[in-house]
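In what follows, a structure is listed as structure tokens, so that the remarks can point back to it.
The values are calculated or read from the model by the stated rules, or taken from the named source; none is laboratory data. For clarity, every value in this text was computed on a predicted model and none was experimentally measured. Heads up, the Cβs are rebuilt from the backbone with ideal geometry, glycines too, and the neighbour counts pull from every protein chain shown. Only protein heavy atoms, including side chains, enter the accessible area calculation; ligands, DNA and RNA are left aside. Shrake-Rupley method; radii C 1.70, N 1.55, O 1.52, S 1.80 Å.
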Amino acid sequence: MQGWIPIVPESASSFSWKVDALYFYLSGVTLFFTLLISGTLIFFVIRYRRRTPYEIPRPVAGSHKLETVWTVIPFVIAMTMFLWGATVYFEQYKPPQNAIEVYVVGKQWMWKLQHATGQREINELHVPVGRKVKLIMTSEDVIHDFFVPAFRTKADVVPGRYTTMWFEATKPGRYHLFCAEYCGMNHSGMTGTVVVLEPRDFDNWLSGNTGTMTPAAAGQQLYQTLGCASCHGANGEGGRGPALTGTFDSEITLTNGGKVKADEGYLRESIINPQAKLVAGFGPIMPTFQGQVTEDQLVQLLAYIKSLHTTGTTTTPAASPSPARAVASPSPR
Ligand code: CUA
């Protein structure tokens, strides 16, 4: 689990070397100026030391030229850090389109993960090498932080909202997963492992772990048992709530004329606090489901709504690992 430099963890994701390059650049600049400044300091101390007890130094007048130089050079260096850092940041925090999705729920003190194909894991995440993986994360209690040092990425896991992060593992292996936000007594024990497998091994792992319903199928079931369907038919049946098909990721017009994108956060809010952002044309009749659905169930309801495409058909079969594989073939290595 060690890289070629001691204390630097192994580099195992598509952008980890970019983070490293930036980090070494920052360290290099820091080291250069530390040596330059302390060297100059020591040189001046010796060169301009007091030689006789009553020596009066020559008065020094300012120099605009010198001040301009030592303002402009650090400005340019600071801007290279900013622009470089922003580039790396945007790549890391803009989730890709064609990614495998995994739902993550953090709680004191464990990680609960579920694949879109239904497989559940605790404190362990199996992913294929060379494929983009997107995590959709929330917390049951306090703020946690999902951190995989070998992938050089981390993101806060916050109660009451969804955060995302993504990575593409480049090397099969087992990598540490840490909670990187102090979350109570056993924070330091809130660890796990990300297991990166060759695509064929990953497919074997998926097919060896079926039997659990997909989140979307579980969500569909929940949608029936909670009675959502009586107002909110997938295609508008019921008539008292907006149709759900094609809702995800679409732009919704609200009663106050505003517009909002129906992302995970909006859908979640509309279940927990339905009055907050009413869809135009519908009255404030939906009761809140706060306290009636767990975070896991909310994730399932979301997965169900996401699975309702505009074609009017649902893609919610029982546990079957095929959708994850169908997206793209792994890139050659
Ligand atoms: Cu969870 Cu620290």
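Worth pointing out:
- Among the residues of the range 170-223, the ones that are among the polar types (S, T, N, Q) and not in a loop (DSSP other than H, G, I, E, B) come to 6 in all.
- Restricting attention to the range 107-123, the residues that are modelled with pLDDT under 90 and either buried (at least 20 other Cβ atoms within 10 Å of the Cβ) or more than 22 Å from Gly189 (Cβ to Cβ) (or both) add up to 6.
- Those residues of the range 145-169 which are closer than 14 Å to Pro9 by Cα, within 16 Å of the ligand (Cβ to nearest atom) and not in a strand (DSSP E or B), in sequence order: Pro149
- If you go through the range 170-180 and keep only what is near the ligand (Cβ under 9 Å from one of its atoms) and surrounded by fewer than 20 Cβ atoms within 10 Å (Cβ to Cβ), you end up with Phe178, Ala180.
- Scanning the range 183-197 for residues that are more than 16 Å from the ligand (Cβ to nearest atom) and more than 23 Å from the chain's Cα centre (by Cα) yields a total of 0.
- When we screen Val88, Val104, Val142 for residues that are within 16 Å of the ligand (Cβ to nearest atom), surrounded by fewer than 20 Cβ atoms within 10 Å (Cβ to Cβ) and of a type in the set (A, V, I, L, M), the only hit is Val142.
- The set of residues from the range 172-200 being of a type in the set (D, E, K, R) and closer than 23 Å to Phe90 by Cα comprises just one member, Glu181.
- Count of residues meeting criterion [free of Cβ contacts under 8 Å to residues at least 12 places away in the same chain and open to solvent by 70 Å² or more (accessible area, probe 1.4 Å)] in the range 202-229: 4
- Condition check for Val127: of a type in the set (A, V, I, L, M), under 24 Å from Ala217 (Cβ atoms) and either assigned to a strand (DSSP E or B) or more than 10 Å from the ligand (Cβ to nearest atom) (or both): yes
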